[in-house]
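The values are calculated or read from the model by the stated rules, or taken from the named source; none is laboratory data. Treat the numbers as computed from the prediction; the structure is a model and nothing was measured. Neighbour counts are summed over all protein chains in view; Cβ atoms, including those assigned to glycine, are modelled from backbone coordinates with ideal geometry.
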Ligand code: ADP
Ligand code: AMP
């Protein structure tokens, strides 16, 4: 089963994708994570993407489509993927359709997490993750069970994203409205779009998502 999680920055896409990955063996394909890995490794893509990401803008369609196309060639992608952060433009959505068709893969559902925009700045600026295993947390909404220790792997090292500051979040939200929100209609027209309440607590969002996947 292949699904797309849609929603603005901080909607909860990564949180839900990590959980589906752990529970169902689906693979989370986060283009943001892939770009951050490229930045950390200093690859040509990373060198191009860094300033764009720090400014809260979108990396070019050409780069993103090539990145996802390569990733879908890896064998684990055949067992079901969760697209998290991709597609973000109509051009990316069209390219994804073509790629999936070419690889004999199909899209089962596109789930949009709807959120109150006023909540997003707090969600994003309070976000942190384990530096070792990547498990996601929040200063207020998802603290570690033991202070300073990752629940998942026991590491005591955490990190925050350089773009998770208020000014950049607002720019990312503007990009979302202008370039990404229109793709909801693209998938609604294909009969694939479902919406769930992303303001509910994380367990409820997960249950709503699981119900959609189990039905499909
Ligand atoms: P996205 O991947 O859509 O940008 P995340 O999954 O990283 O969003 O969530 C952003 C922050 O909000 C994280 O710190 C996460 O712990 C927290 N969060 C996610 N879902 C919820 C929720 N339903 N209620 C409250 N906080 C949430
Ligand atoms: P995310 O981790 O999804 O919040 O993405 C972080 C940043 O990476 C975004 O603000 C963009 O600069 C860039 N990015 C991630 N995915 C895409 C994409 N599909 N298209 C363009 N830019 C992207």
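Some notes on this structure:
- Residues of the stretch 161-173 satisfying the condition of being out of contact with any helix residue (DSSP H, G or I) (no Cβ under 9 Å at 6 or more places or on another chain) and surrounded by 12 or more Cβ atoms within 10 Å (Cβ to Cβ): 171
- Leading residue by the ranking (farthest from ligand 1 (Cβ to nearest atom)) among those in the stretch 103-124 that are in contact with a strand residue (DSSP E or B) (Cβ under 9 Å, 6 or more places away or on another chain) and in a loop (DSSP other than H, G, I, E, B): 105
- Selection within the stretch 58-81 - part of a loop (DSSP other than H, G, I, E, B) and either within 16 Å of the chain's Cα centre (by Cα) or within 16 Å of ligand 1 (Cβ to nearest atom) (or both): 58, 59, 80
- Among the residues of the stretch 151-165, those that are away from ligand 2 (no atom under 16 Å from the Cβ) and either outside any loop (DSSP other than H, G, I, E, B) or touching a residue at least 12 places away in the same chain (Cβ under 8 Å) (or both) comprise 151, 152, 153, 155, 157, 158.
- Boolean, residue 62 is over 26 Å from residue 171 (Cα atoms) and either at pLDDT below 95 or more than 9 Å from ligand 2 (Cβ to nearest atom) (or both): no
- Counting only residues that are outside any strand (DSSP E or B) and either loosely packed, with under 15 Cβ neighbours inside 10 Å or in contact with a strand residue (DSSP E or B) (Cβ under 8 Å, 6 or more places away or on another chain) (or both), the stretch 125-150 holds 12 of them.
- Restricted to the stretch 166-216, and to residues there that are farther than 23 Å from residue 126 by Cα and assigned to a loop (DSSP other than H, G, I, E, B), the residue that is nearest to the chain's Cα centre (by Cα) is 181.
- Flag if residue 55 is surrounded by fewer than 17 Cβ atoms within 10 Å (Cβ to Cβ), at pLDDT 95 or above and either at positive phi or within 17 Å of the chain's Cα centre (by Cα) (or both): no
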